[in-house]
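Below: the structure, in structure tokens.
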Amino acid sequence: MEQTKHLPLSLYGLEAETIAEILSLTKNFQAKQIFNWLVKGVYTFEAMTDLPKAERERLSSLMSSACSSSIHTSETDESGATKMGIRLHDGKVVECVLLVDKKGRHTACLSSQVGCAQGCTFCRTGTMGLFRNLSAEEIIEQYIHLLSASKQPITHIVYMGMGEPLANIAPVTRSIRYFHNPKTFNISLRRITVSTCGVVPGILKLAEQKLPVKLAVSLVSADNRLRDRIMPVNQTWDIMTLKKALLHYQRLGGKRFTIEYCMLGNTNTDEISAKKLASYVRDLDVIVNLIPWNPAEELPYQTPTEEEIDHFTLLLDRLHVNYTRRRSRGREINGACGQLAVPINKGLDLDYESMVDEDDE
Ligand SMILES: C[S@@+](CC[C@H](N)C(=O)[O-])C[C@H]1O[C@@H](n2cnc3c(N)ncnc32)[C@H](O)[C@@H]1O
Ligand code: SF4
């Protein structure tokens, strides 16, 4: 085998010039050819048929694949939602989901960490604890694997998989810049959503980066005492500290964002909760996204009944709250929101859902 420079685990996330240098390519246009294959989802050198055979063989002997991960499991349900378990180079598995809706939007829901340190008590991923952060390459590769299964181009990206994206902000923003790059996927920043449980320094950092992606903030309760109990992040950055950061974010970027409100049966759907929510969002330019809790049998919550949801939305109507009600997709393949936890990592079950708002373009 040829003696080489230090090779990375993945070529994803790299510019053609860097690829040329890493692979000691003598012809610069070959780096461009490799780059073009990579963004088409082709990552074995043998399949890069416009490279000379001898070069393909040389490259295969250097790196078995340009991709550090592989598809471990893949399931598709009747709605066309595909959930994949992606095996990382160290054997850990993360999940990502491709969701297809009636408007033809193909949304990739990506993970940013293996597990999550935030410990929200209603979220299955939160029960896993944090195993590790994902690199930008590992985030991009989830998209590539989903693209390989998709018959259509992917139009939207949401960072709503496993983990807290703003607790792993550098790789997350690197991956966003890659997806947005006109030479790769040219995905508009308005079609990329970063969801956070309320990591305030991350929100402020994102605001500074002038990367006008959509922000989704998982509030779940506008009551400090309840939020302290169900979302430990609130003990560090309470709802008023969070609100100040959101106002700052809004002042700098001027973008409307969403407040995610996971509806927990008999917990945050009463009149007082509605009033607190209404008062919290009054001076924010925001849409509240209502998500009925997706069940995870080991967690001590229940999905609200249809009557409970209707009653809560009626209260919000009366209080003039701007909201949408999200429909869960992907439940049949355990692909709904907050139900992700990978058995291979810790003996748990998986799950997911659609994350694109009904009113999104
Ligand atoms: C899994 S989190 C990942 C992104 C980020 N960590 C966050 O909390 O926003 C994505 C969304 O799922 C919601 N969620 C978590 N567990 C849920 C469940 N069991 N049912 C419905 N939504 C859930 C969260 O409130 C959040 O809005
Ligand atoms: S809701 Fe988000 S922040 Fe909370 S535990 Fe789940 S993944 Fe982590």
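A short reminder: the numbers here are calculations on the coordinates, not readings from a lab. What you are looking at is a predicted structure, and each value in this text was computed from that prediction instead of being measured. Glycine also receives a Cβ, built like all others from the backbone with ideal geometry; neighbour counts cover every protein chain displayed.
When the pairs Lys151/Lys244; Lys83/Lys244; Lys102/Lys205; Lys32/Lys210; Lys92/Lys255; Lys40/Lys92 are compared against a 32 Å limit on Cα-Cα distance, Lys151/Lys244; Lys83/Lys244; Lys102/Lys205; Lys92/Lys255 fall above it. Stokes-Einstein diffusion for region 122-213 at 10 °C, viscosity 1.306 mPa s, with a Kirkwood radius from C-alpha pairs, works out to 113 µm²/s. In sequence order, region 113-122 has phi-based couplings of 9, 8, x, 7, 8, 6, x, 4, 7, 9 Hz under the Karplus curve 6.51 cos²θ - 1.76 cosθ + 1.60, θ = phi - 60°, and Gly or Pro positions carry x. Distance in nm between label sites at Arg132 and Arg256, each 7 Å beyond Cα in the beta-carbon direction? Going from the Arg132 label point to the Arg256 one covers 4.2 nm. Full extension of the segment from Gln209 to Ala149, taken as 0.36 nm per residue of separation minus the current Cα-Cα distance, would add 18.4 nm. For region 1-78, the set of trypsin sites (Lys or Arg not before Pro) satisfying both a DSSP loop assignment and a count of at most 11 other C-beta atoms within 10 Å is given as Lys5. The mean sequence distance of close C-alpha pairs (under 8 Å, at least 6 residues apart), as a share of the length of region 16-62, puts its relative contact order at 28 percent.
Round to the nearest 0.05 the FRET efficiency obtained for Glu298 and Asp238 when R0 = 25 Å and r is the Cβ-Cβ distance.
Computed FRET efficiency for Glu298 and Asp238 comes out at 0.35.
For the pair Asn186 and Asn36 in one chain, pulling the backbone fully straight at 0.36 nm per residue adds 52.7 nm over the alpha carbon distance.
Dipole magnitude for region 16-62: about 100 debye, using +1 per Lys or Arg Cβ and -1 per Asp or Glu Cβ, origin at the Cα centre. Contact order for the chain, expressed relative to its length and based on alpha carbon pairs under 8 Å spaced 6+ residues apart, stands at 14 percent. If both residues of a DSSP beta bridge must be in the chain, then about 45% of such bridges are antiparallel.
When the Cα positions of Phe179, Thr26, Ile272 are compared along the charge dipole of the chain, Thr26 comes out farthest toward the positive end, with charges on each C-beta of Lys, Arg, Asp and Glu.
For the residue pair Ser60 and His6, what label-to-label distance in nm results when each label sits 7 Å from Cα along the Cα-to-beta-carbon direction? Going from the Ser60 label point to the His6 one covers 2.9 nm.
Assuming charge only on the beta carbon of Lys and Arg (+1) and of Asp and Glu (-1), the dipole of region 66-151 about its Cα centre is about 180 debye to the nearest 20. With the simple model of a label 7 Å out from the Cα in the direction of the Cβ, Lys27 to Lys275 spans 7.4 nm. Taking R0 as 45 Å, what FRET efficiency do you get between Asp77 and Asp50 from their Cβ-Cβ distance, rounded to the nearest 0.05? The computed FRET efficiency comes out at 0.75. Put simply, the C-alpha atoms of region 16-62 give a gyration tensor, and the ellipsoid matching it has half-axes of 14, 13, 9 Å, longest first.
Principal semi-axes of the equivalent ellipsoid, √(5λ) from the alpha carbon gyration tensor of region 70-360, are 27, 21, 19 Å from largest down.
For the chain, the residue among Ile230, Val217, Gln250 whose Cα projects farthest onto the positive side of the dipole built from Cβ charges is Gln250. Considering helices alone, the calculated mean residue ellipticity of the chain at 222 nm is -9500 deg cm²/dmol, with DSSP H runs of length four and up weighted by -39500 (n - 2.57) and normalised per residue.
Using Cβ point charges alone (K and R +1, D and E -1), the dipole size of the chain about the Cα centre works out to roughly 1060 debye.
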